Structures are given as structure tokens and as C-alpha cells.
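The block underneath contains the structure these notes are about, expressed in C-alpha cells.
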Amino acid sequence: MKKVLLSVRDLAKHFGGLRAVDGVSFDLHEREILGLLGPNGAGKTVCFNLISGVYTPTAGEIHFAGIRSDGLPPHRMAALGLGRTFQIVKPFSNLTVLDNVIVACGVDRYRSLARSFGGWTGAAVRKKAVELLERVGLADEADRKAGLLPLGHLRRLEIARALAVGYRLILLDESFSGLREEEIAPLMDLVARIRQDGISVLLIEHNMRVAMKLSDRIVVLDHGRKIAEGLPGEVARDPLVIEAYLGRGGSSRVA
Amino acid sequence: MNAYVVTVATLVAIQSIVACGLNVVVGYAGQISLGHAAFFGIGAYASALLTTKAGLTFWTALPLVIAITGLVGLLLGIPSLRVRDDFLAITTIGINFIVEAVFLYVPFFGGALGIGGIPRVTFFHVKMKGLPYLYLCLAFLALVLLVCRWFTRSWAGLACFALREDETAAASMGISPVRFKLLAFVLGTAMAGLGGALYAHFMRFISAGDFSFPVSVMLLSMVVLGGMGTLWGPTLGAVILVSLPELFRPLLEIRFLIYTLLLLLMIRFQPGGLLGEASLVRRVFSRLMPGKEAPR
Amino acid sequence: MLLEVNRLEISYGDVRAVHGADFAVAEGELVSIIGANGAGKTSILNGIMGLVPVRNGTVRFRGREITAMPAHRRAHEGIRLVPERARVFPRLSVYENLLTGAYGLRKKIPLEERLRWLYGLFPILEERRDQPAQTLSGGEQQQLAIARALISDPKLLLVDEVSMGLMPKLVDQVFDLLQSLNRDHGLTILLVEQNARASLEISHRAYVLETGSVVMEGPADDLLDDPKIQRAYLGLVEEEVERRQ
Amino acid sequence: MHLFLEQLLNGVAIGSIYALVTLGLTLVYGILRILHVAHAAVYTVGAYLGLLFFKMSGSLLVGCAGAMAGCAVLGIAIERLVYFPLLKYPPYVPLIASIAILLALEEVCRLVAGPYILTFPAELPFPSLNLLGVDIPSSVMGILCITAGILAFLWFLTTRTETGLAMRAVSQDLTIADAMGINSHAVVSFTFAVGSAIAAVAGILVGIYYNQVYSTMGSVPAYKTLAIIVVGGLGSVPGAVAASLLLGIAETLLIGYAHIPLPRDALAFLAMIAVLMWRSEGLFGSR
Amino acid sequence: ADTLKIGLLAPLTGFAAADGASVLNSVKLAVEKVNKDGGILGKQVELVAYDDRADGKEAVGLAQKLIQRDQVVGVVGGSYSTPSRAVAPLFQEEEIPFIAAYAVHPDITKAGDYCFRNGFLGMVEGRAAAYVAVSNLKAKKIALLTSDNDFGRTLAAGFKEYLSKNAPEVELVYEQAYPFKEKDFKPYLAAIKEKNPDLIFASGYYFQTGPIVSQAREMGITATIFGEEGADSPKFLEIAGKAAEGFLIVTNLNRDDPRPEVQEFLKQYRERYQIEPDMVGASAYDAFMLLCDAIRRAGKTDGAAVRDALAATKNYNGLTGVIQGFTPEGEVVKDVQVQIVQDGAFHYYGVVKDPAIITP
Ligand SMILES: Nc1ncnc2c1ncn2[C@@H]1O[C@H](COP(=O)(O)OP(=O)(O)OP(=O)(O)O)[C@@H](O)[C@H]1O
Ligand SMILES: Nc1ncnc2c1ncn2[C@@H]1O[C@H](COP(=O)(O)OP(=O)(O)OP(=O)(O)O)[C@@H](O)[C@H]1O
Ligand SMILES: [Mg+2]
Ligand SMILES: [Mg+2]
């Protein structure tokens, strides 16, 4: 059995009377790609925000990399090697694309105040950042202001930043949406390769082709609860999932 | 140089130092502050009290002054962790009003009479006044500019930029908002404290009104006019905003109207600041010297 | 032609997003624009809606030139946009967001009836009726944006990346909806969509946009069969392309 | 007990003066989210214009109408010439522009009307009242009634009319509001006109109440009203009124009973910071 | 040079612009009069006036300008305490005589022997007010409501000093300072009303005492209200309206003064500027004239000589009364006037001549 990297137990988040996440449990193993699927409003993004520390849970526990991590602020989670993207992209608009990535390359430098006074304009950091940009196919845009990029490029920038931070786990929130089919393929390769490097991935994706192909296992949420868990093939045949999420299925539109 | 020009230049240098501090808070870290004069005042009062009541010299007092203002900056920076944008602007205005009121109403700070008899700065037994004092202020300004430049090129500076752009995203990149916001506050207020000390020993008496809210407005105007987040912007802003009224001096009653109208026009037509992006200065510069970066 | 666009040019400062795009949409047509990231699709839709200034060229709607017409007047002429990334009014409630879609039209359209129709299509909107739109999930906001554009009974619907963030079941529903609106109600639609296959399947015609200009156009079925398109936009790998030939 | 009631009434009176000055600003602030410091200058100009027309015509009603019209035009001019072109810049840019406008208009008032304080010798046509043994003079009654009237009008406008919906939509996303068929620029101008006309009424009433009209009468309200709005919760009309009344009462009671040696404004800001630390989105605000 | 240059610093813009205007108006009249009478030492006098916005920072630069570029022979400080206090040491250092017209901060004259003041110190006026309150108005229970600035604070100190020394039986039932920008005094007045004093000493400017008086009367307070020179303005009467009747002030300008100098100035000022003159302008006028008088008596413009002549001033006939002379510290010695509002105008009520009170 592979080691568990992230374990979520009875996780809940309520907004007033609304139970956005309501008692969800699952495990994510090392070097695993886990798909987190579910209808719109199922609570997937809220789950991400709970795991990455943006929200504190109403109830439940999260264990990450051997420590109990619920309630830790986002920067502590980042320091533990968790990188993430945002469904609603959040670029540092007035910084260049390259600097956007360089910021993310500094996790270990932000760890202590003294270290954070070192310079960031050095060649080594730059090289690492450019490399990351090349991996996501954004090298040509390195010197443009991030705020001016079209949506598709912003998605890749998000991935590059997540890669720079997450040496253990990366959370991808619909990172493939807004991308052209042809552009999706290389990014799928990229995600597959990250896993080879020993990094786990938690994936929210409505593009079934991507989700089915990439995920080792899939967890399906609906109305804040887990309704299915299993191998991609099993989950796709689960009548509950088809009813709530996939619809008639088989349509080319959902690829 | 005659004494009048020296006086104006000294005031420009001092206010540049303070404005640079504000630039760290607002320009680099994106925390809008309309209460910077409070920290300017805290520096001035600290230095005045330490030299008049505790009998220290300017030089022995200075490190203490900077430490005190930095510490107060740390404390008063804490609200910025809780509130943002307009809420923060109002909070900082409030801090300015409260600090001014404390200076004015607490007898320890001299109350309505202020503090007088602040000694001149001596340097190897030479009393610094006139030109030498101007040089002293310019030296400190150079130091402050160096610190700013170094800060913008350090990871800490980059962290502040990222926080300014998007806090949630920055935090997810491992940047602690608490630490770096407070860092910017401490750095910015320490610079204000330095400026305050220089001011106190230049004027040689101070009262609460010298650090009232309009002064904060003036400081923010310097930063915005010069170019928020640029290195030289605050200094340029200080030069313009301090010397313009002097130029209009002969206009007597209408000089302040002309001055405000000019400020309005400059902001309206160079909203990114004179040294900011796409500003006239930068465009002219890049036409004259293609390939070279204009100063910022 | 309902909409005619000639030599359209749109720039942002030094960035030329669209240069010299020509295209037209006839009344009752469903037309797609496909293209890579940054090709300028969003810019074109925003240009037609009047949200970004047009540097050069003309936009004609129902034979009248509207190149300089402000956006709100274009909306009154019957052009509606489902914007990229939804862009709902964050602090208005779901219901109020829908009302903005019917701004100035309350007397002209049967508001209650249309609301009921939309709630039927997107039940979540009725469930979340009084919640501020910013607290909706990504996909829910997308649904709201679609409903907000449809409530006014437009003549020309501009749709930007409508499937983004929608779950598979809804993607199906929305495409069916667009197709039926077009087929059964004669609504003219200009569709921008990364999911090229889905959009081509329901479209009559399509334009292919590359770095700001139209490089190819034709009936949607032809494009679906074009090997170049298959490779570049439909995500087919080489064998599949060959197999289909 | 009697003293307490009297102090309470004083607090309510001051609070409703704050509310009066704040109401117009709430509207304007709400639509563009600009820290519109120059609103206080519009208020000052309103007081001067009101006085001018009052002296010319001898009728307070004419004075009011003239000032409202004049200020509406001034408000629209500020919005069109300065704020609108600066919208895409960060908020401190229009703030600085606004401060420059405030100072410039104060100077204009001083140069035109002279540096000396003018008096506003008009009577408000309201009855005085005796409530629980406390006299409410007609000036206070006037302010209370007019504040309540404006509040009701604004509440109706913003929540019960389509224009109000348009105003709220424009305040959140101007571009998309346009795409919905809302003439956002006209809505913004309309808002400025209404807000500025209310400022004129406030200027006149305060001028009569204290019997003083002078060029710097706006410099304290300029920032205090902004603070009230922010504490009330981002452009919320009831929030602004609640914050005004609370502030008026708190100030008065603090001055009357607790001998804290700090001036009114510092106390006010102290209270406001306390509120913000407790509820970072203001009293009636939502995030 | 063919003219004698005299400097003037006044707040022509900013919050104190009204006072600056009065000062400049009055001093201009003074300059005209001096020049019409043939100037000083055979030369015409030229006024060099600068606007200091009542701001210390600006004043320092302007002082340098007056000293270096304009080479003035003396300076009238027509501004508030903060700027006057900032510039006094500079003039002292350059040995240029400086007379503060009405600024009250004690440090101004402490800068040295070249610095003089033609206004009362707060202590003096406070003592005089207490004296009048006790001996003339027979007050037994007094409330103090003071403006919270340097003047108000020192006034209150003088007032209390007199009471504790000379009238310990008088009860001080209420004491409170109000901030400078206060406009609404009802919270204070309600508390005062509760204490039921027979006299309220309310210091402050006319835009403060005006509302105090009218609000007090509106609230049904009947006690005598007593103010100081800050209220010495026609604007007070306008603001307070009918409520002003019976209000008293201690000040240094007696409008009923029969001396022709005074009446001529009042008439000329009204004609020229279409507005009532006030105490600030009269004080600046006197300061300017004292300087001219001293230069004349010194017979030369040398700073030290003028200083000595100024210090030796004796019974100079000023608008603000007969100026008996200056103390060694440079503080003016003159009678304190008491005025009362009757039939909508300030009138003579009395004068305090006791040297123990009026000598600082
Ligand atoms: N801050 C909030 N306040 C109130 N409700 C919220 C908040 N955030 C999310 N919600 C609600 O919680 C539910 C789950 O939202 P979430 O964003 O997790 O959905 P999701 O599964 O990511 O959906 P999608 O696929 O559409 O992005 C939604 O119904 C949403 O309305
Ligand atoms: N506000 C802006 N300022 C500057 N450049 C912009 C702006 N908006 C878009 N651009 C640029 O214009 C070009 C076209 O952008 P547009 O958003 O129209 O592309 P798109 O085809 O919609 O892309 P996507 O499929 O990613 O949404 C891009 O190069 C983009 O960087
Ligand atoms: Mg989501
Ligand atoms: Mg797009």
C-alpha cells in the first residue's frame, strides 16, 4: 500500500445555513492523481480552499504530509509543499509573467525573515522560473504584464506558479478549462510527468476526457457529500454519478 | 546658495525621506495609508523628548527614535491586517487624528504649547546649520533611497509586490501576509521617524499641528504625483510640491488656488505619476535615449 | 445580413488584438468563431457589444452602422452578451442580476413568464434566488450569466466560452438550449468556444481566427472534416485524422 | 435623568446633522467607490449659493432650489471632468484629485466671498416641541425632519426603483452594466447630481443651524463623513444613518460625562476604529 | 537703498486667512500714514508682506527671505503662535527687531532681546478677567469653558491663579477645555447648566464664543457670559444675534476710545474695506507703528539701536490703548479693556489698570 499524503476526514464547511461541504472523507496517496468531480456547486472549490488553508473548516480534520493541517494559513501550507491554482484566476497583474513565477519560486526564502532579504534578481532563480514557463508553454510571454494575458495563458501561468510551490502536492482547479483541445494534450503530458517526479495531484475538472485519462482514482461530490469513489471506469458507470453529473453521457460535447 | 534656498531644500530633503517611507507602505506593499504624518510626528516628538528631557544627543537618540517609530509602526500596522482598501484608509486617517490629539492633549508632550528648545545637531563639535544641515539631510536621503532600492530587489520586496496584487494568491505562494505587511509598515514608519527627527532638529520646536492630517495628504500627494512604487517618484513629488508654492509666492492670496489647480491638473493628466508607467517623462526619455530605461 | 463586421481592428495600447477581421452573420444563423488562446475572440465579441473601442473598421447591425454607438444603445437594439468568466454583479442577488438583464424592458417583455422559463432551465438559480452572486460557485455564475442574457429576448446573442466551468450534464443542456433557441425561435447566435467540436456541431458556419485575423471560414460541417482543423482544434491525433479521411 | 435626556437629544441632533451631510455622499461614494472628499466642498458651495440666493430673493425655498441646482451641476462637472477619466486608476489617484478639488473650491469660495465668516440669518419653518420635559428647538426639528425625508427618498430610490437597481449594478461592474442596456455614464451623472443637491441642502441647514457660512466649513466633514460611510458599511444608506446617530450620541455622552481629554474628532475616530476592528466590513456592510 | 523695508508675515491663505486679511489691511493703512507724513529718516517705507499660511515650515523659509533678499530693518509678526515662534530665533540671531502683533506663545519673546510682543499674554488677560468677574460682576460660582489652544490654556491658568490668590471663596464649579474645531457646545452647556453658575468664562474666537452664547441662551442659561479678545469681532455680534446682549470681553481695543487716532483709524478702515475693523488688525497696526516710532527715535536702522529704542518705548499712543512700555522680556504693558455688548455693539464697560495685574 502506498503512503497516504493527504487525508481528509469528515470535512465540513457551512456558510450560514448553507452546507457547502458536509462530511467529506478521502485519502490521497503519494504519486497519485486523484480526480475530484461533481456538479456545479457541489463544493469542490470550497474543498480546495479548505485543504489549502484559505478557509478553516467548520468541522473535520485534514492531515497533510504527516501533520494535522486544518486551520493552518495558506502560506504555511505552501511551505509544506502544497501548490494550487485558482478557478477564478488570480495573477499578480502588474508584475511580469516571469516575476509571477519567481515569486512562487521563493517559498523557502520566505520562511525566515532574514533569508527574505536576499535578492531575487539572480540568474539561478531566473533560470528556474524560465524553465517552468517553458514547461507550460509560456516562455514567449515572459516579459509581458500578467494582467494582459488572455485567459488560456493565465491558466498556464497558474499551473507554472503551482509547480514552483508544490513539491508534494498540487491542486488544479479546472486548469484545463478555457484551453483549446490541442493545447490540452501537452499540459496533460506535463501533469503526468509531474507525478513521475513524485508529486501528487488533486484535480477538479469538468472535461471528462482529461479527468478520465489523468486520474488514478476519482471522488465524486454532490451537495457537499461524497457520492462515489473509485477507478475512473467504475465511477463513470455509477448511475448516481450519471444522474447527478454526467447526464446522458457519451456526447461528444463533453469529450 | 542663499539661506532661503537652503531652507527650502532642507525641507524638501526631509519630506522626501518621509515620502519614501510612505512609498514603501503604499507603493510597494499596497497598503493605503493616510496617516503617515502621525509617524513623522512620532519620530519628531521622540527625538525632541529624548534630546530635551532625557538629555541625549541627536546621534545617540537617533537609533532609539528609529526603533521607537518602527515599533509603533508595527503596533499601528496591525489594523491593516484586519481591514483593507477604504476601510484601511479611514483607519489610518483615524490614527493620524488620534496621534495628533494625544500630542495636543497629553501634557507630557507639551500639550498645546508644543516642545521648544530642541538642540541643534552637532557633528564633531560643529553645530550643523544652514548648508551643512542640508548635506546631512541629503546624506540620509541617499541612505533611504539605497535602502528602498535594495528592498525592491529583495525577496521581501517581491513578497510585498505580490501581496499588493493579490493577497490570497500571494499567501498560496508561501508569503505570510502578516509578516510582510508589517515589515513594510515598520520599514516605512522607521523612515518617517528618521525624517521626523531631522525635522525636529531643523525647526527646533514642534507642535502637534505640524503633523496633522493635511500633512499626511501632502505626503501621499508627493508619492502619487511622483509615481507610486517608483524609486525616485517620492523625491520628485516632494521637490515639486514643496517648491511650487514658493514659486507662486508673489501671487499672494491666489497662490494657493493656483497651486491646488496645478496639482489637480497634474493628477488628472498624469494619473500614473510623473515617473510612472506611460508618463510623459518616460515617453520623452525613451524617445531621446532609445533603449535606455528612464529612472524610476 | 444581421451583423456585418468589416476590417475590424482592436488594440490595447501597443498590443494589436484584432487586425482586419471580416465576417458576417445572417439572421437566424448560428455561427462559431474558433481560435487559439489570445487569438482575439473575446476582443471581437467585446468590440461588437461596444465594450472596447474599435480602432478601425466598421460594425453594422441590421444594416445600420453601429461602430460608434455606446454599448447600452446596442443592448437596446437587441444585442446581448454572455461575457467571458460570467462577470455577474457580485453583490447583487441572483434575482437582481436577472433583473438587470431586463433593464428598461419591463413593460415590453412578460417578465414573470420569462423568469419561470429560466428557473425551469436552471433550477439552481431559483434555489439561490436571494444569495449574492459572488457566493455562487463558478458554474452557477456561468448559468446566471446565460440566464441574464436570455431574459431580454435578444435578436443577436454573443456567447463567450459558455461551457467553461459547467458540468458535463449542463454543457449538454446548454448546447441543446442554444441550438433549440436558434432553430425553433430564430435567435441569431455568435458563439465563441474552446470546445470547438461541440460548437461546430451545432453551428451552421464558422470562422477560424488566428492572431487577430480570419484565416478560414466555411460551413461548420466542412470545417469538422478539415484535417487541419481536426489537428489544431479538435484534438484528434494523427491516426484519427487519417482514419476519418 | 433630565440632564441625560437633554444630552441624548443633543447627541441625536448632532447625529442627524452628520447624517444629513453624509447622505448625499453615501450615494456618490456607493456608485464609483471613490473617496469623494470634494463632496464637502460641494456642501460648502451649497451653503454659499443658498445664502446668495436667499439674500437676493428673501425666500429660503428659492435659496434652496438655486443651491441644489448649482451644486448638481458642480457635482456632474467634477464627475465628468475628473473622476470618470480616472476610474481605471487605483483609488488613491482620484482621492488625491478629490482633495485638490476640495482645496481649490475652498480657495475659490474664500476669494469670491471674502475670508470672513458670513452669517445665515434665516428661520426654519418648523415648530418646536417639548418631549419628556426636554425642549426641541425648531432648528433641531427642521434638521430631524429633513434628514428623515431625505433618508426615505433615498431608500425608495435605491431599493424600490429600476434606477436604483441600475445604480447598484453600475457600482459593481460598469462595463457589464452597459452591456445590459444601462447607460452607466448617465446613471453615474444622475447619482452625482442627486448626491450633490442633497449636499447643498445639508450645507444650507448647517449654515442656518450654526449661523455660520465660511470657506473651510467643509474641512472637518470632508473626512469625518467618509469615515461614517465606511463604518456604516460601503455605501449602505441605513448604515450611514445608523453610524451617524451612534457617533453623535457617543460623542455627546463622552464629552458630557467621561472627561476624556481628547477632542470630538479623535473620539469619533477612536470609536470608528473600534467598530472596524470588531466588524471589518462596517456595521451594515457585507462582503 | 532709497526705501526702508519692513517685513510682515501674515496668514493670507489657509484656515487663518480672515485674520491675515485684517492684518494686511490694517498695516497697509499704517504704511500709507507713515509715508504721507514723510516717511522715516527721510525715506519712504516699503512693506514686504508674505503669506505664511500660519504654518511654521513656510514661515522659516520666508524669514530667511526677509533677512537675506529683502534686507528688512524690522519685522511685524502678523501671524499665529506656531509660525511666530518658528521665526523669532532667526530674527534674534540676525539681530533684526521682531514684534509679534497678537501671537500669544510665551516662547516668542523668550527667543531673545530682539523679540517683542504687542498682545497680552494669556496669563495677563486671564488675571484681568478674573479680577473683573470677582470685583465688578460679583460672581460667586464660576464655570470655565476654555478653548484648547495655547492661548485658552494660559488664559485659564491666569484666571485660576487670580482666583486662588485673591478670591479663594469663589467656587469653580466646572472646568473644561473644548477642541479648537468644536462647533456644537450643547454637551458642555448642558453640563454647565446643571451646575448653575452665575458666571461662565468662555474663552475662544468669535466663531466659537458666538455659538456658545447663542446656544446657551437657547438652552435657557441665564448666567453672565464673559469672553476675551478672540471674541472681539463684529462677526461675533452677527453670529450670536440677540443672544449677544450683555456679553462681556476683556480685550485691548476700545472702540469707544475718544482719542482721534483711534476714531480716525476706525473710520478710514470702514470706508476703505467696507468691513468692521477688529482687534487683530489694530494690534498689527500698532506693532508696525511701534517699530517705525523706534526707528525714528533711534535715528538709524541699525538693529541694536532700534531694539534699544523699542525697549525704551514709553507711553506710546496706540490704537490698542496707551502702550506704557515693554518689560525686559519684551512683553507689552498696557491697560486691559473691558467691553460689553449693548444694543448690538461693543461698548466701553471698564478698564483694568492695576499694575499687579497688567504687568506680565
Ligand atoms: N463564501 C460563500 N458564501 C456562501 N456560499 C458559498 C460561499 N462559497 C461557496 N458557496 C456555496 O457553496 C457551494 C459550493 O461551491 P463551490 O465553489 O465549492 O462549488 P464547485 O463544486 O467548485 O462548483 P463549480 O464546479 O461550479 O465550480 C455553492 O453552492 C456556493 O453557492
Ligand atoms: N485589456 C487588455 N490590455 C492589453 N492587452 C489585452 C487586453 N485584453 C486582451 N489583450 C490581448 O489581446 C489579445 C487577444 O485577447 P483575447 O482575450 O481577445 O483572446 P481570446 O481569443 O479571447 O483568448 P482566450 O481563448 O484565451 O480567451 C491577447 O494577446 C491579449 O493579451
Ligand atoms: Mg469550483
Ligand atoms: Mg477569450
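The values are calculated or read from the model by the stated rules, or taken from the named source; none is laboratory data. Keep in mind that this is a model prediction, so the values were computed, not measured. Because the Cβ atoms are built from the backbone with ideal geometry, glycine has one as well, and the counts that use them run over all protein chains shown. To get the accessible areas, we keep the full protein, side chains included, count just its heavy atoms, and leave off ligands, DNA and RNA. Shrake-Rupley method; radii C 1.70, N 1.55, O 1.52, S 1.80 Å.
Comparing the full protein assembly with the isolated chain (1.4 Å probe, heavy atoms, ligands and nucleic acids excluded), the residues of the range E:120-164 losing at least 20 square angstrom of accessible area are E:Asp148, E:Asp150, E:Arg153. Accessible surface comparison of D:Cys64, B:Cys20, probe 1.4 Å, protein chains only, largest first: the order is D:Cys64, B:Cys20. Neighbours of A:Arg144, meaning other residues whose beta-carbon lies under 14 angstrom from its beta-carbon, give a summed charge of -3 when Lys and Arg score +1 and Asp and Glu score -1. The equivalent ellipsoid that matches the C-alpha gyration tensor of the range D:2-218 spans semi-axes of 31, 22, 15 angstrom, in descending order.
If the cut-off is a Cα-Cα distance under 29 Å, which lysines reach E:Lys140, setting aside same-chain residues fewer than 8 apart in sequence? Within reach: E:Lys160, E:Lys165, E:Lys183, E:Lys186, E:Lys193, E:Lys195, E:Lys242, E:Lys334, E:Lys353.
Relative to one another, the C-alpha centroids of the range E:259-338 and the range A:213-242 are positioned 97 Å apart. Relative to the longest principal axis of the Cα atoms of chain C, the long axis of helix C:111-121 makes an angle of roughly 60 degrees.
What does the C-alpha gyration tensor say about the overall shape of the range B:69-181? Classify as rounded when a/c is under 1.5, otherwise prolate if a/b is larger than b/c, or oblate. Oblate, because a/c is 1.5 or more while a/b does not exceed b/c. Packing here is the average count of other Cβ atoms within 10 Å per residue, and on that basis the peptides B:139-151, E:135-147, D:150-162, E:47-59, highest first, run E:47-59, E:135-147, B:139-151, D:150-162. Shape summary of the range A:174-213, radius of gyration then Dmax from alpha carbon positions: 10.0, 28 Å.
Against chain C, whose longest principal axis comes from its Cα atoms, helix C:138-150 is set at around 80 degrees. Pairing chains D and B buries close to 3500 square angstrom of accessible surface in total, based on protein heavy atoms and a 1.4 angstrom probe.
The DSSP beta bridges internal to the protein assembly as shown are antiparallel in roughly 50% of cases.
For the range B:103-258, the carbon plus sulfur part of the accessible surface works out to 73%, probe radius 1.4 Å. For the Cα trace of the protein assembly as shown, dividing Rg by the Kirkwood Rh returns an Rg/Rh value of 1.03.
In the range C:90-153, the C-alpha radius of gyration followed by the widest Cα-Cα span (Dmax) gives 10.7, 32 angstrom.
Peptide A:86-95 shows a mean partner chain C-beta count of 5 within 10 Å per residue C-beta. Quote the Stokes-Einstein diffusion coefficient, in whole µm² s⁻¹, for the range B:17-131, based on the Kirkwood radius over alpha carbon pairs, a temperature of 10 °C and a viscosity of 1.306 mPa s. This corresponds to a translational diffusion coefficient of 103 µm²/s.
Remark: spin-label model distance B:His125-B:Ile254 equals 5.7 nm, labels positioned 7 Å along the Cα→Cβ axis. Modelled spin-label separation between A:Lys213 and B:Glu277, with each label point placed 7 Å from Cα along the Cα-to-Cβ direction: 3.6 nm. Chain C and chain A together bury an accessible surface of about 2900 square angstrom, both sides counted, with a 1.4 Å probe and no ligands or nucleic acids included. Using the average count of surrounding beta-carbon atoms within 10 Å as a protection proxy, the listed peptides D:83-93, E:36-46 rank, highest first, as D:83-93, E:36-46.
Each listed q (0.08 Å⁻¹) maps to a log10 I(q)/I(0) for chain E from the Debye sum over equal C-alpha point scatterers, namely -0.37.
So what does the Cα-only Debye profile of the range E:174-282 read at q = 0.17 Å⁻¹, as log10 I(q)/I(0), no solvent term? Taking Cα atoms of the range E:174-282 as identical point scatterers yields -0.80. Which shape class applies to the range B:178-255: rounded if a/c is under 1.5, otherwise prolate when a/b exceeds b/c and oblate if not, where a ≥ b ≥ c are the square roots of the Cα gyration tensor eigenvalues? Oblate is the answer for the range B:178-255, as a/c is 1.5 or above yet b/c matches or exceeds a/b.
Across the alpha-carbon set of the range A:18-104, the Rg to Rh ratio works out to 0.98, Rh being the Kirkwood radius. Taking Cβ atoms as reference points and 10 Å as the exclusive limit, the residues near C:Arg16 contribute a net charge of -1, counting Lys and Arg as +1 and Asp and Glu as -1.
So how tilted is helix E:150-166 from the main axis of chain E? Cα-based, degrees 0 to 90, rounded to 10. So the helix axis and the longest Cα principal axis differ by about 60 degrees. Across peptide E:231-242, the mean count of Cβ atoms from other chains lying within 10 Å of each residue's own Cβ comes to 3. Extension gain for the segment C:Arg231 to C:His76, taken as residue separation times 0.36 nm less the Cα-Cα distance, is 51.8 nm to one decimal.
Extension gain, A:Asp143 to A:Ser25: 0.36 nm times the residue separation minus the Cα-Cα distance gives 38.2 nm.
Taking all protein chains together and rolling a 1.4 Å probe, B:Lys129 ends up with roughly 90 Å² accessible. Here each label is just a point 7 Å from Cα along the line to Cβ, and for E:Gln68 and C:Trp117 those points are 8.1 nm apart. Each residue was assigned an accessible area with a 1.4 Å probe, and for E:Lys195 the value is about 90 Å². When you filter the trypsin sites (Lys or Arg not before Pro) in the range C:107-137 for DSSP loop state and at most 14 other Cβ atoms inside 10 Å of their Cβ, you are left with C:Lys107, C:Lys108, C:Arg129. For chain D, which DSSP H helices look membrane-span-like by this rule: Cα extent along the axis of 20 Å or more and mean Kyte-Doolittle of at least -0.5? Those that pass (Cα extent of 20 Å or more, hydropathy at least -0.5) are D:2-32, D:39-57, D:60-78, D:92-113, D:138-160, D:184-210, D:219-233, D:237-256, D:264-278. With only Cα atoms counted, chain A has Rg and Dmax values of 18.1, 58 Å.
Counting only heavy atoms of the protein chains and using a 1.4 Å probe, E:Asp198 has close to 60 Å² of accessible surface. Mean residue ellipticity at 222 nm, helices only, chain E: -13500 deg cm²/dmol; runs of at least 4 DSSP H residues each add -39,500 (n - 2.57), and the sum is divided by the number of residues.
Have a look at the range A:173-200 and report residues whose accessible surface goes down by 30 Å² or more when the remaining protein chains are included, against the chain on its own, probe 1.4 Å, ligands and DNA/RNA excluded. Residues meeting the cut-off: A:Gly178, A:Arg180, A:Glu181, A:Glu182. Per residue, the solvent-accessible area of the protein assembly as shown (1.4 Å probe, heavy atoms of protein chains only, all protein chains present) comes to 35 Å². So which residue, out of A:Pro150, A:Pro39, A:Pro74, gets the largest mean-square fluctuation from a GNM of chain A using Cα contacts under 10 Å as springs? Checking each option, the largest mean-square fluctuation is seen for A:Pro150. The ellipsoid equivalent to the alpha-carbon distribution of the range E:1-157 has semi-axes of 32, 18, 15 angstrom, derived from the gyration tensor eigenvalues as √(5λ) and listed largest first.
When the alpha carbon gyration tensor of the range B:3-253 is reduced to an equivalent ellipsoid, its three semi-axes come out at 29, 20, 18 angstrom, largest first.
Positive end of the charge dipole of chain E (Lys, Arg +1 and Asp, Glu -1 on Cβ, about the Cα centre): tell me which of E:Ala133, E:Cys115, E:Val306 has its Cα farthest that way. Of the options given, the answer is E:Ala133.
Per-residue accessible area (protein heavy atoms, 1.4 Å probe) orders E:Leu172, D:Leu276 as E:Leu172, D:Leu276, starting from the largest.
Pairwise alpha-carbon distances in the range E:239-360 exceed 19 Å for 54% of all pairs. Peptide B:240-251 has a mean shielding of 2, counted as Cβ atoms of other protein chains within 10 Å of each residue's Cβ. For the set C:His204, E:His347, A:His75, the ranking by accessible area, highest first and with no ligand, DNA or RNA atoms included, is C:His204, E:His347, A:His75 under a 1.4 Å probe.
For the range C:1-83, what value does the Rg/Rh ratio take when both radii are computed over Cα atoms and Rh is the Kirkwood radius, given to two decimals? Here the Rg-to-Rh quotient is 0.93.
Stokes-Einstein diffusion of the range C:8-141 at 20 °C, 1.002 mPa s viscosity, Kirkwood radius from Cα pairs, rounded to a whole number: 126 µm²/s.
What a 1.4 Å probe finds exposed on the range D:2-218 is 72% carbon and sulfur by accessible area, rounded to a whole percent.
Coordinate range of the alpha-carbon atoms in chain C per principal axis, descending: 51, 41, 35 Å. For C:Ser32, the shell of other residues with beta-carbons less than 9 Å away shows a net charge of 0, using +1 for Lys and Arg and -1 for Asp and Glu.
Accessible-area loss of 20 Å² or more (1.4 Å probe, protein heavy atoms, chain alone versus all protein chains) is found in the range D:101-128 for D:Leu103, D:Ala104, D:Glu107, D:Arg110, D:Leu111, D:Pro115, D:Tyr116, D:Ile117, D:Thr119. Calculated FRET efficiency, B:Ala142 to A:Phe117, Cβ-Cβ distance, R0 = 30 Å: about 0.90 to the nearest 0.05.
I need the trypsin sites (Lys or Arg not before Pro) found in the range A:120-151, filtered to DSSP loop residues with at most 15 other beta carbons within 10 Å of theirs. Answer in residue order: A:Arg144.
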